[in-house]
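Below you'll find the structure, written out as structure tokens, and then a few comments.
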Amino acid sequence: MRGHDRINRCLPDELLIEIFRRLHDSKPSRDACSLVCKRWLNLERLSRSTLHIGASGCPDHYLSRITRRFVNVKTVHIDERLPLPIQFRRRCGSESTSSYTKKRRYVKEKSGSEDGDFEMSCISDAMLSVLGEGFSKLEKLSLIWCNNVTSSGLASLAQKCCLLKSLDLQGCYVGDPGLAAVGQCCKRLEDLNLRFCEGLTDAGVVELALGCGKSLNTLGVAACAKITDISLEAVGLHCKSLETLSLDSEYVSDKGMLAVAKGCPLLKVLKIQCVNVTDEALAVVGTCCLSLEFLALYSLQKFTDKGLRAIGSGCKKLKNLTLSDCYFLSDKGLEAIATGCKELTHLEVNGCHNIGTLGLESIGKYCQQLTELALLFCQKIGNKALLEVGRGCNKLQALHLVDCSSIGDEGICGIARGCRNLKKLHIRRCYEIGNKGISAIGEYCNSLTDLSLRFCDRVGDEALVAIGQGCSLHHLNVSGCHQIGDAGIIAIARGCPQLRSLDISVLQNLGDMAMAELGEGCPLLKEILLSHCRQITDVGIGHLVRNCSLLESCHMVYCPGITAAGVATVVSSCTNIKKVLVEKWKVSERTKRRSGSVITYLCMEL
């Protein structure tokens, strides 16, 4: 009854806080609840445990406010690339606002853009001090590309946030004293990311390992030129509980990897991009790290079948394997993985030019648990390999093929007949795959929801008609498939009412009729890309947006039939629209005034 507040009278504070916590990270729902009344506003603030903060504008002022408002926060993400909410920019002091405006004007002048959203960062050590004082219960902190943060600020925060368990310093120029302070104060630290921390040396990592090595579970190091084998030896000596290591460095050799492999027997995830690591180190990994489940090897120029055989014979629990640009691997190495790691569920082979049909055939014979397969730039893998995968891997749910010139319709038909649980199929520039293979997918793989056929010249309307009849797609990308026209897209519109995203860029034979059918048949559509579609006009756009009220993103550059009127139709008809990519000259002054924030212009100067 109007005027009676029965909810507030019946529900205690504890129950309301628990209800707000169940909203998780749904910001719109939380914000709506906080506007109901002052009691709900205060309780909603008490229930917040996670905050995402932009580092632009005047964050020091911003952070001092939120530390007073949200006292139970345990997770904070600060990203220099994110803008500060406009309401907080307006509330900053006049001096800060003036400074912010000057900085923004300076950046625009330097970049030559009037419409850019790039803003100067003001993250400082003082801000970290405020953060530490306000969020003493902090357990997880991400500082992404906060270039002004130094060791002083990090040390101050570490002293005040002793409960910290996860720390991401990606792109921060902190030094050894700051990392040493983290090791001394944060004895519960489990996850640490040091990617692109150029100011660190071995001294800082050694001090960290000495201080909190017993609790460290995950470590990521990349592009740190002064971190060498000395750091990894300290990790191997003190971090016995380490389970995840991500390493990208040209300054690390077998010596460091051997120390980690021998000292961290619980290792489960290992990602390596180190040109100086050889078979010797991988052989020890296969011998000592028997719990390894995830292995990714990138650009290992000194890695051969010998190392891969050691992994296959020792790491029986391996489930996920990525081999990228490892030029000296051959079919024999992949056969060793297939016969030794029968629990494998995910396999990616990228640019390993000596791996061919025989190697992948062995995967099909022995790895019956395989659910995802990605083959990129594998010129020597042919149809027989996919036929064997189709016969042996009936649990396959995702297949990615990029620039595999020896795979054609025969292989895709084998996958279709044998892998009927397939849900995702992404193919790009595989010119031997045509209507026959994709039609078989439509006939047999009725669970398919995500289909991408980018620049597959032999795929036409016949294939999409079969897909529309057999599958209920949520995502479709047929950009650059020149043989597809109105008939194929109309079949999709009539057969896939659940379609949410559609990329039909560079389809020269597509016209307004297909747009009208999409508007009628796909009311859930949120994203559409139709750039370089020369036959689509304002009429087609009008039919499209008439019923697609949920549309959030529309790309339509280089569409000569779409004028300023068509752009205005999109932004005025779609209340949820967030992004429209179009040439600047097609946006009228009225459209710019009404919806300037959602318009993104094609950069013609490049």
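Do you know which of the residues in the range 148-163 that are in a loop (DSSP other than H, G, I, E, B) and open to solvent by less than 10 Å² (accessible area, probe 1.4 Å) is modelled with the highest pLDDT?
Filtering the range 148-163 for residues in a loop (DSSP other than H, G, I, E, B) gives 148-150, 161-163.
Still in the list and also open to solvent by less than 10 Å² (accessible area, probe 1.4 Å): 149, 161.
Working: Val149: 90, Cys161: 94.
Applying the filter and picking the extreme gives Cys161.
Among the residues of the range 313-332, how many are over 22 Å from Leu396 (Cβ atoms) and either of a type in the set (Gly, Ala, Ser) or without any contact (Cβ under 8 Å) to a residue 12 or more places away in the chain (or both)?
3
Can you name the residue in the range 470-520 that is out of contact with any helix residue (DSSP H, G or I) (no Cβ under 9 Å at 6 or more places or on another chain) and open to solvent by 50 Å² or more (accessible area, probe 1.4 Å) and, of all such residues, is nearest to Ser553 (Cα to Cα)?
Restricting attention to the range 470-520, the residues satisfying the condition of being out of contact with any helix residue (DSSP H, G or I) (no Cβ under 9 Å at 6 or more places or on another chain) are 474-475, 477, 479-480, 482, 498, 500-501, 503, 505-506, 508.
Imposing the further condition that a residue be open to solvent by 50 Å² or more (accessible area, probe 1.4 Å) reduces the set to 474-475, 482, 498, 500, 508.
Details: His474: 16, His475: 14, His482: 23, Gln498: 17, Arg500: 11, Gln508: 21 Å.
Looking at residues that are out of contact with any helix residue (DSSP H, G or I) (no Cβ under 9 Å at 6 or more places or on another chain) and open to solvent by 50 Å² or more (accessible area, probe 1.4 Å), I get Arg500.
Of everything in the range 251-270, what is over 17 Å from Ala296 (Cβ atoms), out of contact with any strand residue (DSSP E or B) (no Cβ under 6 Å at 6 or more places or on another chain) and open to solvent by 20 Å² or more (accessible area, probe 1.4 Å)? Give them in sequence order. Give the steps one after another, and end with the answer.
Pass one, the range 251-270, residues over 17 Å from Ala296 (Cβ atoms): 251, 253-256, 258-259, 262-263, 265-266.
Add one more test, that the residue is out of contact with any strand residue (DSSP E or B) (no Cβ under 6 Å at 6 or more places or on another chain), and what stays is 251, 255-256, 258-259, 262-263, 265-266.
Selection gives Tyr251, Lys255, Leu258, Ala259, Lys262, Pro265, Leu266.
Quick check on Gly411: is it more than 27 Å from the chain's Cα centre (by Cα), closer than 14 Å to Leu396 by Cβ and open to solvent by less than 10 Å² (accessible area, probe 1.4 Å)?
yes
So, Leu529, is that one within 28 Å of Glu443 (Cβ to Cβ), in contact (Cβ under 8 Å) with a residue 40 or more places away in the chain, of a type outside the set (D, E, K, R) and open to solvent by 10 Å² or more (accessible area, probe 1.4 Å) or not? Even if it seems obvious, please write down each step before you answer.
Values: within 28 Å of Glu443 (Cβ to Cβ): yes; in contact (Cβ under 8 Å) with a residue 40 or more places away in the chain: yes; of a type outside the set (D, E, K, R): yes; open to solvent by 10 Å² or more (accessible area, probe 1.4 Å): yes.
It is true that Leu529 is within 28 Å of Glu443 (Cβ to Cβ), in contact (Cβ under 8 Å) with a residue 40 or more places away in the chain, of a type outside the set (D, E, K, R) and open to solvent by 10 Å² or more (accessible area, probe 1.4 Å).
Exactly one condition in (1) closer than 18 Å to Leu131 by Cβ; (2) among the charged types (D, E, K, R); (3) surrounded by fewer than 19 Cβ atoms within 10 Å (Cβ to Cβ) is false for Asp168; which is it?
Asp168 satisfies every listed condition except (3).
Can you pull out the residues in the range 293-330 that are of a type in the set (S, T, N, Q) and closer than 14 Å to Gln273 by Cα?
Just the residues of the range 293-330 that are of a type in the set (S, T, N, Q), to begin with: 299, 301, 304, 313, 320, 322, 324, 330.
Selection gives Ser299, Gln301, Thr322, Ser324.
Of the conditions (1) crowded, with 19+ Cβ neighbours inside 10 Å; (2) more than 30 Å from Ser472 (Cβ to Cβ); (3) under 32 Å from the mean Cα position of the chain (by Cα), Thr591 fails just one. Which one is it?
(3)
Tell me whether the range 333-349 contains one or more residues that are touching a Ser or Thr at 6+ places or on another chain (Cβ under 7 Å), modelled with pLDDT of 95 or more, part of a loop (DSSP other than H, G, I, E, B) and polar (S, T, N, Q).
yes
Got at least one residue in the range 334-357 being closer than 16 Å to Leu401 by Cα, among the basic types (Lys, Arg) and either in contact with a helix residue (DSSP H, G or I) (Cβ under 7 Å, 6 or more places away or on another chain) or buried (at least 19 other Cβ atoms within 10 Å of the Cβ) (or both)? Break it down stepwise before answering.
The initial filter retains those residues of the range 334-357 that are closer than 16 Å to Leu401 by Cα, namely 346-353, 355-357.
Within this subset, residues satisfying the condition of being among the basic types (Lys, Arg) are none.
No, the range 334-357 contains no residue that is closer than 16 Å to Leu401 by Cα, among the basic types (Lys, Arg) and either in contact with a helix residue (DSSP H, G or I) (Cβ under 7 Å, 6 or more places away or on another chain) or buried (at least 19 other Cβ atoms within 10 Å of the Cβ) (or both).
The values are calculated or read from the model by the stated rules, or taken from the named source; none is laboratory data. In this text, all values refer to a predicted model and were calculated from it rather than measured experimentally. When we count neighbours, we look across all protein chains shown, and the Cβ atoms used for this are built from the backbone with ideal geometry, even at glycine. For the accessible areas, the whole protein counts, side chains as well, though only heavy atoms, and no ligand, DNA or RNA atoms are used. Shrake-Rupley method; radii C 1.70, N 1.55, O 1.52, S 1.80 Å.
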